[in-house]
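What follows is calculated from the coordinates using simple rules that are stated; it is not laboratory data. On a predicted model such as this, the values are computed, not experimentally measured, just so you know. So basically every Cβ, Gly included, is an ideal-geometry build from the backbone, and we count neighbours across all protein chains shown.
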Amino acid sequence: MKSYDVAVIGSGPGGYVAAIRCSQLGMKTAIIEKYSTLGGTCLNVGCIPSKALLASSHHYEEATKHFEDHGIDIPGEIKVNLEKMIGRKQAVVDQTTGGIDFLMKKNDIDVYEGLGSFKDTTHIKIEGKDAGEIEAKQIIIATGSKPSNLPFITLDKERVITSTEALKLKEIPKHMMVIGGGVIGLELGQVYRRLGAEVTVIEYMDRILPTMDAALSKELNKVFKKAKFNMMMSHKVQSVERKGDEVLIKAENKKGETVEVKGDYCLVSVGRRPYTDGLNLEAAGVKMNDKGQIETNAHLQTNVNNIYAIGDVVKGAMLAHKAEEEGVFVAETLAGQKPHINYNLIPGVVYTWPEVAAVGKTEEELKDAGIEYKAGQFPFRALGRARAGGDLDGFVKILADKTTDEVLGIHMIGARCADLIAEAVVAMEYRASAEDISRMSHAHPTYAEAMKEAA
């Protein structure tokens, strides 16, 4: 039986980054992955493939709707080749996951393909291709999450689908109904709306992106309505029924009336749940909370001293970059270092177009906490670069402490916001004031000038 200093269960962004950092710090490391490709949900059926389809569908929309404005005439009809588009997405995924294979070899990490489960606190049984057993002094659980579902919905994965199936459809839906107005539903809804599908978003709360600053929700809702999405807020889904190639959704509106919506595909995107199935946590005595998350202390250590957990299986936002931070954190903790994570400064991004990004406190959170603040907002349409590029929607909003001027939150929607948010994180990590940002030179003409102007 092979023995290791550290074994990592799960090879998503949290797991593979943890394994690399452990190896860099001199620990003999193994990683166990249930599937034949490394990279977890993010690289295989999440962040990377969805961004590939968002990019392809964005190019199509530009060609059909905006090239003419730029003086580019394309003779003949512009058509979507969905099979080729999905094929390109898969090529991007394969290249990215192949990169993780290379990193494992480069860092001398042993990879085991199979389902890892606890035999006891230091032994892991592996079932699958590399069946057997390994021993490890320290174990990191990084098994991620799976799409959630509503108890009364049967996912047939053909017409009633999750994000995983939505990434490999064989046809463009005539009418895609999306249950859930969060990040995943909006991103995939936009992909298929651009390609010609009618899209209806059904959300239980009174707005899309309910966890983000309300101003961002309002602006994106406006953009989606302009793109002829059907937006049904404050609707509680009661039933989803498939009849042949048709799906019927019944939902209750805020007046208590039942509303029916019919379409050929229903995407269920009501969040994600921690995935701990098959781990046999009981054998190691690892405790979970009532939300199905693994309980950890401030060092991401479980109630069992040598077992740690990171990413989507523990509390906090289910974000790849949050899992990466935690992976490095645990590796450095095991090496006797004193790492630190500021969870308030982990940015959130929605990769629709316009992109939506935020870091720090929302206006609603500051009001609830009774913190006095100032707000500065600047629209992209006032920027020369935005007018030149034709991306006019959106704004940057900065919230700062009324007394000290320290920046408490930055919220933005517009072109390139997924990248612009990094400036906000850097500023807030160094506890910048709004005045600090406003006095820093920003290149002209750029989208980044909206940050300076808002400040």
Original post:
Efficiency by 1/(1 + (r/R0)^6): what FRET value for ILE72 and ARG381, r their Cβ-Cβ distance, R0 = 30 Å, to the nearest 0.05?
Top reply: 0.85
Subject >> Modelled FRET efficiency - R0 30 Å, HIS340 with LYS105, Cβ distances, 0.05 increments >> reply: 0.45
Subject >> Zone of GLU158's modelled label, taken as backbone nitrogen in the range 222-264 under 19 Å from a point 7 Å along Cα→Cβ >> reply: 240-249, 263-264
Subject >> Amide H contacts of THR200 (H built 1.01 Å from N, under 5 Å, at least 5 apart or other chain) >> reply: MET176, MET177, VAL178, ASN230
Original post:
Rounded to the nearest 0.05, what FRET efficiency do ALA388 and ALA422 have when you use their Cβ-Cβ distance and R0 = 25 Å?
Top reply: 0.65
Original post:
If you bin the C-alpha pair distances of the chain every 10 Å from 0, what whole percents do you get?
Top reply: 4, 19, 26, 27, 19, 6, 0
**OP:** Per DSSP H run of at least 4 residues, take -39500 (n - 2.57); add these up for the chain, divide by its residues and hand me the 222 nm value, nearest 500 deg cm²/dmol.
**Re:** -9000 deg cm²/dmol
Original post:
Distance in nm between label sites at GLU260 and GLU295, each 7 Å beyond Cα in the beta-carbon direction?
Top reply: 4.8
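If each residue of separation counts as 0.36 nm, what is the full-extension length gain between ASN253 and LYS137 once their alpha-carbon separation is subtracted? Present the calculation step by step, with values, prior to reporting the outcome.
Values: separation 116, 0.36 × 116 = 41.76 nm, distance 5.43 nm.
Gain on stretching ASN253 to LYS137: 36.3 nm.
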**OP:** Return the whole-Å distance between the Cα centroid of the range 417-447 and the Cα centroid of the range 269-311.
**Re:** 37
Original post:
For the range 370-381, what does the Karplus curve 6.51 cos²θ - 1.76 cosθ + 1.60, with θ = phi - 60°, yield as ³J(HN,Hα) per residue in whole Hz, taken in order and with x for Gly and Pro?
Top reply: x, 8, 7, 9, 10, 10, x, 9, 9, x, 4, 5
Original post:
Under a point spin-label approximation (7 Å from Cα along Cα-to-Cβ), what is the LYS367-LYS243 distance to one decimal in nm?
Top reply: 4.4
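Within 10 Å, count the other beta carbons around each residue, average over each peptide in 21-33, 67-79, and list them highest first.
Details: 21-33: 22.3, 67-79: 8.3.
For the peptides 21-33, 67-79, the packing ranking is 21-33, 67-79.
Distance cut-off 31 Å, Cα to Cα: go down the list LYS137/LYS315; LYS79/LYS397; LYS65/LYS89; LYS218/LYS374; LYS34/LYS106; LYS51/LYS254 and report the pairs above it. Numbers along the way, then the final one.
On the way: LYS137/LYS315 24 Å; LYS79/LYS397 38 Å; LYS65/LYS89 23 Å; LYS218/LYS374 20 Å; LYS34/LYS106 21 Å; LYS51/LYS254 34 Å.
The pairs that break the limit, which is 31 Å between Cα atoms, are LYS79/LYS397; LYS51/LYS254.
Give the peptides 91-104, 251-264 in descending order of average Cβ contacts within 10 Å, highest first. Each step should come with its number before you reach the end.
Values: 91-104: 15.6, 251-264: 13.4.
Result, highest mean Cβ count within 10 Å first: 91-104, 251-264.
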Subject >> Packing rank of 218-228, 188-198, where each peptide gets the mean count of other beta carbons within 10 Å, highest leading >> reply: 188-198, 218-228
Original post:
Can you give the net charge of the other residues whose Cβ lies under 11 Å from the Cβ of LYS170, counting K and R as +1 and D and E as -1?
Top reply: -3
Original post:
Each residue of the range 352-366 in turn: what ³J(HN,Hα) in whole Hz from Karplus with 6.51, -1.76, 1.60 and θ = phi - 60°, glycine and Pro shown as x?
Top reply: 5, 10, x, 6, 10, 8, 7, 8, x, 7, 7, 4, 5, 5, 5
Original post:
Taking θ as phi - 60°, what are the ³J(HN,Hα) couplings along the range 195-211 by the Karplus curve (6.51, -1.76, 1.60), each to the nearest whole Hz, with x for Gly and Pro?
Top reply: 7, x, 6, 6, 10, 10, 9, 10, 10, 5, 6, 7, 7, 6, 6, x, 8
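Expected output is a single nm value to one decimal: the length gained when fully extending between LYS236 and THR404, i.e. 0.36 nm times separation in residues minus the C-alpha distance. What is it? All intermediate terms of the calculation are to be shown ahead of the outcome.
On the way: separation 168, 0.36 × 168 = 60.48 nm, distance 4.30 nm.
Result for the pair: 56.2 nm of gain on full extension.
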Original post:
Taking Cα centroids, how far is the range 139-169 from the range 40-89 in Å?
Top reply: 24
